[in-house]
Amino acid sequence: MAPIVPGAVIVIMGVSGAGKTTIGNHLAEAANCAFLDADDFHPDSNKEKMRKGIPLSEEDRMPWLQILRNALKERITNGEITVLACSALQKNYREILRSSDPNHIPGRQGSPVKFVLLNVPVEVLADRLNKRLTNGEHFMPPSLLQSQLELLEIDASEEILQVDATQNPTIIVETIRHSLVQRKIIESY
């Protein structure tokens, strides 16, 4: 999957349990490009707060988002395509990620940073989070799901691709790839 937009970044976004890491990994593998998981960039203090069921504050999130922005900026500058799994729940958080493009003008379309929202019904999210908790697979407890759902804001002007993430991961990845081709973010495969 070759980028048409040099340095394209595809952010797989959504609340905890939506499947960001799974889909992001599959998409990056299909694209033969780098995959970054925003959870890996959280400081231990953020992970510990979430583990205790304490939602992150803006003071917790901003340094983390700035670290992500800087990591993406380097990849964009080098013309590398990247898939990032990141909650990116609010428009201002997405704007920080868009600002990783050195040529980004706030409020203007055309950024190489594109967003894909994984839509999942609340019941499915809760079930996934409970399974992860039982298996000890993640630091995010199910008790924080409601706070994430309350933070999630989608602005139609951002043209965020929304995908049904209850489907098989292969189908989800193909849906995303097809849409990226249509949007001229990547070349046909």
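The values are calculated or read from the model by the stated rules, or taken from the named source; none is laboratory data. The structure presented is a predicted model; accordingly, all values stated were derived computationally and were not measured. Glycine gets a Cβ as well: all are built from the backbone with ideal geometry, and neighbour counts include every protein chain shown. Ligands, DNA and RNA are excluded from the accessible area calculation, which covers all protein heavy atoms including side chains. Shrake-Rupley method; radii C 1.70, N 1.55, O 1.52, S 1.80 Å.
Table for the structure above
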item	result
Selection count, region 11-34, where residues are closer than 22 Å to residue 144 by Cα and surrounded by fewer than 18 Cβ atoms within 10 Å (Cβ to Cβ)	2
Selection status of residue 97, at pLDDT 95 or above and surrounded by 20 or more Cβ atoms within 10 Å (Cβ to Cβ)	yes
Some residue of region 52-59 being open to solvent by less than 30 Å² (accessible area, probe 1.4 Å) and among the β-branched types (Val, Ile, Thr)	no
Hits in region 166-189 - residues which are among the charged types (D, E, K, R), surrounded by 13 or more Cβ atoms within 10 Å (Cβ to Cβ) and touching a strand residue (DSSP E or B) at 6+ places or on another chain (Cβ under 8 Å)	177, 183
Test: residue in region 85-94 that is part of a helix (DSSP H, G or I), out of contact with any Phe, Trp or Tyr (no Cβ under 7 Å at 6 or more places or on another chain) and buried (at least 17 other Cβ atoms within 10 Å of the Cβ)	yes
Count of residues meeting criterion [exposed (fewer than 14 other Cβ atoms within 10 Å of the Cβ) and either touching a residue at least 60 places away in the same chain (Cβ under 8 Å) or within 19 Å of residue 10 (Cα to Cα) (or both)] in region 35-47	1
Residue satisfying all of: in region 40-72; farther than 19 Å from residue 152 by Cβ and outside any helix (DSSP H, G or I); modelled with the highest pLDDT among these	43
Sole residue being modelled with pLDDT of 85 or more, assigned to a strand (DSSP E or B), closer than 27 Å to residue 56 by Cα and open to solvent by less than 60 Å² (accessible area, probe 1.4 Å), chosen from 163, 124	163
Region 103-128 residues that are under 30 Å from residue 78 (Cα atoms), paired with ones that are hydroxyl-bearing (Ser, Thr, Tyr) and surrounded by 18 or more Cβ atoms within 10 Å (Cβ to Cβ) (beta carbon under 6 Å, 6 or more apart)	104/111
Subset tally (residues that are assigned to a helix (DSSP H, G or I) and in contact with a helix residue (DSSP H, G or I) (Cβ under 9 Å, 6 or more places away or on another chain)) for region 1-24	4
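Rundown of residues vs (1) within 27 Å of residue 169 (Cα to Cα); (2) in contact with a helix residue (DSSP H, G or I) (Cβ under 8 Å, 6 or more places away or on another chain), yes/no style:
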residue: 37; (1), (2): yes, yes
residue: 63; (1), (2): no, no
residue: 76; (1), (2): yes, no
residue: 80; (1), (2): yes, no
